[in-house]
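Written below as structure tokens is the structure these notes are about.
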Amino acid sequence: MARPFPFTAIVGQEEMKNALLVAAVDPTLGGVLIFGDRGTGKSTAVRALAQLLPEMKAVEGCPYHCDPTRTAGACQKCSGDNKAKIASHMIPVPVVDLPLGATEDRVVGALDIERALAHGEKAFEPGLLARAHRGFLYIDEVNLLEDHLVDLLLDVAASGENVVEREGLSVRHPARFVLVGSGNPEEGELRPQLLDRFGLSVDVKTPTDIAMRVEAVKRRDAFDRDPAAFAAAFAADEERLRKKITAAKKLVPTIDVEDETRRRVAELCVALGTDGLRGELTLLRAARSVAALEKAHTATMTHVKAIAMPALRHRLRRNPLDEVGSGVRIERALIEVMG
Amino acid sequence: MADENARSAVIWKDALVAADLIAVDPAGLGGVILRAGPGPVRDAWLARLRAGLPKGAPVLRAPTDVGDGELLGGLDLSATLSSGRTVAQRGLLARSHGGVLIVAMAERLAQTPAAHIAAAVDAGEIVAERDGLTICSEARLAVIAIDEGLEDDDRPPAALRERTAFQLDLRGLTHRDLGMQGGDQPRPDITAARSRLASIITPDSLIEVLCTTCAALGVGSARAPLLALKAARAAAALAGRDVISDEDSALAARLVIAPRALHLPPAQAPDDEQADAEPGTPEPEQPPEDQDSDQSPPDQPDDDKGDVRTLDDTVLEAALAALPPGLLAQLQVNAQRLRAGQTGKVGEAQNTVKRGRPIGARRGDPRSGVRLDLLHTLRAAAPWQRLRKRTIAEDIARPSLEIRRDDFRIKRFRDRKQTTTIFLVDASGSAALERLGEAKGAVELLLADCYIRRDEVALIAFRGVGADILLPPTRSLHRAKKELAALPGGGGTPLAAGIMAAGLLADEVRRKGRTPTLVLITDGRANVTREGLGGRAQAQDEAGIAARSIRAQGLRTLLVDNSNRPEPRAGQLADDMGALYLPLPRANSQMISNAVRASAPAAQAVRR
């Protein structure tokens, strides 16, 4: 594999970086959707995140790398009773690419062709969804993804389980992953059902500041010329950020939210008219992750404000008579609620 | 004539330089969009490129309908079956590693293969999951996308245009132009340049100059300055320099940044520029009128301007000089494409199982009227044969090939969505009765057109206090005519209500998987608010807001102004809607019909 560009070397695009970190701290948030112009570093950021994630413990030899400390939600083999014998090892968090042209059998898993051909044996070969379990599933150009794959993903994302009933195989295995999608809205819209699945949504724009653009081009050029040296220059920063994520992951479950904050978040969502409760829940959870990243013990309105935009942007009902973008509406509502 | 020759000479010289630059750094520069028909010019250019590439570097061709399997690789079925183990086959992208991949008729390349090629150019490797294989191999290559499109909006996918350094247009050249360069000049030593590439020094200010130039020309992507930088570096290596010179960066700006320009630098009025660009093009060494001497009005607010001025202008000038004649038209095409987003003039694309261009196969039941993909079905059944033979009882006569329902693969196609034309007719008193008659006549003619195209039509009229959907989307010409004939006129003009009703209907149409088009026939004068109350000013405001929401929807719209003389208000309304404006005083039906047809020729072209 080619060496990815370091996350900490990405110039600007704070909202996107922030959203990705928050999603990494709390995998249950529902992932991140990154929409924006070409050449703004969408794919670069996601691939950079992959190498930043701290390692995790997994059952050795399990194709779904189940968590040895938890039997709930593990695959059939790992949730059995012989817990004492399970050997575990540390593995990097999987960040799996779902390429546009991927065939359905490769995504859900299929018959192991080699064994079928050679031995006439029926064996299941796990697919991308199995590989992405407990990790990230990244779809570049998510808006171009074919409909039948989208349906399949929605199904699995909702249930956290991949059920394969095909070619005489009958397999079910856990598949919980953070969905990260990126795309260029000019090339097509995202289906509303899929849009709704994403916890956070980020719009990336070309930076207007010349100095920033110069720096971005400079760094990318330096990286292209000598990836190893460039990565070494940012190794310390990367390590620092990795530690920060690890610490935040531990801290997140302990973070409090005061009732007053909950009330204000509810007010915010009412003012914006977001559909359902998912917006509120996601916003509160995301605010907790923001607080954890900042080593705070309580999530306050400051943390809410920091993540309100990506958490709510894609949940606003579109009012045909309102010309202002959803960003402006959220900002206004925030100002009102914050008083 | 002499001018024309000089121009051709410059274009050809630049094209040759671009070929050499790509040969120096194929993967770094990503390739070229080569706009040229078949013929000696294109062949000569490709030969020049091939001559520069390292010995043994692959030069492969991908057809325009290249499949994922061919591009990415996958299972080699015959080898797999004969050997009894999985044998992988390398795809075109992997096999082009270190060389170039030529894509023929790239303007017809679908988005999926374009995305694969783009990903390979970006990452220098391909990673794919296919046929039960994980494919991962190096793919550092340049793409030569040959664009034979005749129309300006018939271009190779944006994903490719974004990643290739150069866009060359060789359409105007003939074989006579080739002799002037090439033979008599010594070919640069590309091998030496390639080895020198890594040690070229980049002056600090250069990146800033390139970024500023991009900003001044409205080029947003960070890839543009990066590609320009790499082009400048390759140019320096080619010229035998150790440091990138101004000449190199000017060349890079001309070849890389100029073709991407979206607008002209704010310091210059567009009209002056067009005048400059036309005679200025043949002589790129001679910058067009010195920018510093032409004073721009001081009250014009602009952030970039200061930066542009203080920096070395030669790079920007080089980029400007390269802008072709007919530039304004091109800029408009660029900008329109930007604004229009996905709503092109053709129906949006969608995947179907019945007709259109084939885009592969999927598992499914062939009985429900879809087409069986025999090859993929056999492929799916193949690995199972040994297993199935084993389970069948001995006494049953065995078929030599066992195919079960699970194996069925059906063909999938990509088709254009059908169009629904929504007519929004002002039936108020202000559109006096005779003109209402004209409008009705026009709609009737259009209905006939729609019928031929198998489009759906819908009819909304607004008068009195609100808007009514007289005819929900239908293909019934008869019903449409009946409703239309019965449409009464008179009363106030609730324009905002009408526009909003049309917007909602358009949304509904879109949700049903069709592409809506709106034809609004009005004089633009509103006097009833959305609440159904009188009040000209408020009604007009509301209409403006509703119109802007139509624009936000990206709805393709035509506004036919049927007032006695062209109304500024109707023009304003058309602007607000992003609509095509047709002032037709005393519009007659045939004229409206012709206009609508002219505005949507593609809709006819697509439906074959």
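Every read-out reported here was derived from the displayed coordinates using simple, explicitly stated rules and does not represent laboratory data. Since the structure is predicted, the reported quantities are computational estimates derived from the model, not experimental observations. Virtual Cβ from ideal backbone geometry, glycine too; neighbours counted across all protein chains shown.
Below is a table of values for the structure above.
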read-out	value
Structure-based [θ]222 nm, chain A - -39500 (n - 2.57) summed over DSSP H runs of at least 4, per residue, nearest 500	-13500 deg cm²/dmol
J(HN,Hα) series, region A:53-70, from Karplus relation 6.51 cos²θ - 1.76 cosθ + 1.60, nearest Hz, glycine and proline x	6, x, 5, 10, 8, 9, 5, 5, x, 7, x, 9, 5, 5, 7, x, 8, 10
Given chain A, longest segment not containing exposed loop GluC sites (Glu not before Pro) (DSSP; at most 13 other Cβ within 10 Å)	A:122-257
Net charge over other residues, Cβ less than 10 angstrom from the Cβ of residue A:218 (K, R count +1; D, E count -1)	-1
Residue-span extension gain [residue B:468 to residue B:247] - 0.36 nm each, minus C-alpha spacing	73.0 nm
Residue exposure sequence - A:144, B:518 - by fewest surrounding Cβ within 10 Å	A:144, B:518
Relative contact order %, chain A, counting alpha carbon pairs below 8 Å whose residues are six or more apart	22 percent
Sequence-separation-based contact order of region A:196-315, relative, with Cα cut under 8 Å and 6+ spacing, percent	34 percent
Protection proxy ranking, peptides B:10-21, B:32-43, A:193-204, average beta carbon neighbours within 10 Å, highest first	B:10-21, A:193-204, B:32-43
Per DSSP, loop GluC sites (Glu not before Pro) in region B:500-543 with at most 15 further Cβ within 10 Å	B:531
Rough spin-label spacing in nm, given labels placed 7 Å along Cα→Cβ, for residue B:195 and residue B:60	2.9 nm
Separation of the residue B:444 and residue B:79 label points, Cα + 7 Å toward Cβ, nm	6.9 nm
Vicinal HN-Hα couplings computed from phi for region B:567-573 (Karplus, 6.51 cos²θ - 1.76 cosθ + 1.60; Hz; Gly/Pro x)	8, x, 5, 5, x, 4, 4
HN-Hα J in Hz across region B:507-516 - Karplus 6.51, -1.76, 1.60, θ = phi - 60°, x for Gly and Pro	4, 4, 4, 5, 5, 7, x, 10, 9, x
Region A:252-338, relative contact order in percent, only Cα pairs under 8 angstrom and at least six apart counted	36 percent
Efficiency of FRET from Cβ geometry, residue B:204 and residue A:250, R₀ 41 Å, rounded to 0.05	0.40
Model label zone, residue B:138; criterion: amide N under 19 Å from point 7 Å along Cα-to-beta-carbon; scope region B:91-111	B:91-101
